[in-house]
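Below you'll find the structure, written out as structure tokens, and then a few comments.
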Amino acid sequence: MNELFSTLFGLDSLLVGTIVPFLFVLTVVVFVHEMGHYLVGRWCGIGVKAFSIGFGPEIFGFNDRHGTRWKLSAIPLGGYVKFVGDMNVTSTPDAEEAEKLTPAERHVAFHTQPVWKRAATVVAGPLFNFLLTIAVLATFFMTYGRVVSEPMIAEVQAGSPAEIAGFMPGDRFVSVNGSPVRTFADVQYHVSGRAGDPLVFVLLRDGKEVELTATPKVTEQKDAAGNTFRIGVIGVVNNNEVGQFRVIEYSVPGAVAEAVNETGRIIARTGQFLKRFAVGREDKCQLGGPIKIADMAGKAAKLGFERLVELIALLSVGIGFLNLLPIPPLDGGHLVFYGIEAVIRRPVSERMMEAVYRTGMILVLAFMAFVFWNDLFGC
């Protein structure tokens, strides 16, 4: 009996060790995203019919004094805010339902609002995801500071792209592809996502600048949680002797500024990855779905709550970025329609919107099927 209980409910069990951390991470990210839509929508005077964590049948819920149904639904892989006048959870308009609205409901219906209010409400979801990431990173920077090192080369690995290009121990990085670098981590940032791309490095050697070109090669590495990932490297090593490792301590404003900067770098890196992935230059196994995220959440939880919160920050910025892609029914798709409406000064025709939404939904479902396949069979 004890063995059965341990198997089902022990810290290393599938339920407690993986599923619970996964649901915690996903629920926080989804809740913050949908809360962005909800709060800005309410601020804009838009009526909200439902706020749901999850899809499908309701498990439990309650109505607030504004008439909004707050609920937890059976399929915990997302969430939604349904505004007055919406046809479905993707906030597509419903002409038939609009005709049934009372004058009071029509006044607060989503699709009767000025385009700027609709755009603000939609963009608030991804924006809140970014703010969550900034808040987490800023807290970490204020609490622990940040370990940095000088952008110096202590060792050049034999046979590496750096050796072939002529890098030498004692060289100091000045810039990578025109971007100035201040720390060795800056160099890693510019190199790690550019495997196979020739990069121009400016180095300081014996007081003179030297320009060299090297092409990062792909290598597999593991993080502290044991997750395997593939990055680009040129084969240089930094150590404490030449790198002079130190901890930077941040004030509150400094921590927030650094968190904003780091979030921007993550967003840029995500965009770079997707562009390279679209043209077949990234490994498909680097793209995972719920099963991979659940595995990462389980591994992070074993390392402690802070690692789990760090995963929340990374997932949040990723969810925010993906939702801004200009594909209906994602938030970015809505924003494209609102942009067109603002230019032509009238809403896009319902027939056109329906056709684009259907196409977009097919693309989104195909992407979801792809990452599920990757999770189960592809990698």
Residue (of Gln244, Ala301, Ala366) at the positive-pole extreme of the chain, dipole from beta-carbon charges: Ala366
Approximate spin-label separation Ala268-Asp223, in nm, with each point projected 7 Å along Cα-to-Cβ: 2.0 nm
So if I place +1 on the C-beta of Lys and Arg and -1 on the C-beta of Asp and Glu, and nothing else carries charge, what would the dipole magnitude of segment 293-344 be about its Cα centre? I want it in debye, nearest 20. 240 debye
State the label only: which of (i) 28, 55, 17, 1; (ii) 21, 33, 22, 14, 8, 2, 0; (iii) 23, 50, 24, 3 corresponds to P(r) over Cα pairs in 20 Å bins from 0, in percent computed from the shown model? (iii)
As a quick test, which of the pairs Lys117/Lys275; Lys217/Lys299; Lys275/Lys299; Lys82/Lys117 have an alpha carbon distance above 19 angstrom in this structure? Lys117/Lys275; Lys217/Lys299; Lys275/Lys299
Between Ala185 and Trp70, what is 0.36 nm times their sequence separation minus the Cα-Cα distance? Round to one decimal in nm. 37.0 nm
Using the beta-carbon distance between Val28 and Phe277 and R0 = 35 Å, what value does 1/(1 + (r/R0)^6) give for FRET efficiency, to the nearest 0.05? 0.85
Using a ≥ b ≥ c from the Cα gyration tensor of segment 148-248 (square roots of the eigenvalues), is it rounded, prolate or oblate, where a/c under 1.5 gives rounded and otherwise the larger of a/b and b/c decides, a/b for prolate? oblate
Arranged by the count of other C-beta atoms within 10 angstrom, fewest first, what order do Lys71, Lys275, Lys82, Lys49 take? Lys275, Lys49, Lys71, Lys82
Cβ-derived FRET efficiency at R0 45 Å, Ala342 paired with Thr143, nearest 0.05: 0.55
Any idea what the dipole of the chain comes to, in debye rounded to 20, about its Cα centre with Lys/Arg Cβ at +1 and Asp/Glu Cβ at -1? 700 debye
When Met368, Met296, Met142, Met152 are ranked with the fewest other C-beta atoms within 10 Å first, the list becomes Met368, Met142, Met152, Met296
Could you point to the residue in Gly79, Phe22, Thr183 farthest towards the positive end of the chain's charge dipole, with +1 and -1 charges on the Cβ of Lys/Arg and Asp/Glu respectively? Gly79
Work through the residues other than Gly145 whose Cβ is under 13 Å from its Cβ and net out their charges, Lys, Arg +1 and Asp, Glu -1. 0
Span-like helix ranges in the chain, DSSP H, alpha carbon extent 18 angstrom or more, Kyte mean at least 0.5: 20-43, 115-144, 305-323, 331-344, 350-373
Counting other Cβ atoms within 10 Å, keep those with at most 15, restrict to DSSP loop, and tell me which GluC sites (Glu not before Pro) in segment 181-284 are left. Glu249
Net charge near Ala214: determine it from the other residues with C-beta under 14 Å of the C-beta of Ala214, scoring Lys and Arg +1 and Asp and Glu -1. -2
For Gln244 and Glu354, calculate 0.36 nm times their separation in residues minus their Cα-Cα distance, and state this gained length in nm to one decimal. 33.7 nm
Placing +1 at every Lys and Arg Cβ and -1 at every Asp and Glu Cβ, with all other atoms neutral, what dipole size does segment 244-379 have around its Cα centre, in debye to the nearest 20? 320 debye
Test of understanding: ordering Asp283, Asp295 by Cβ neighbours within 10 Å, fewest first, what list do you get? Asp283, Asp295
Leading residue at positive end of dipole, segment 148-248 (Cβ point charges), from Phe201, Ile231, Val174: Ile231
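Bear in mind these aren't lab numbers, they're just calculated from the coordinates by the rules spelled out. Note that the structure is a prediction, hence the values are computed from the model and not measured. Virtual Cβ from ideal backbone geometry, glycine too; neighbours counted across all protein chains shown.
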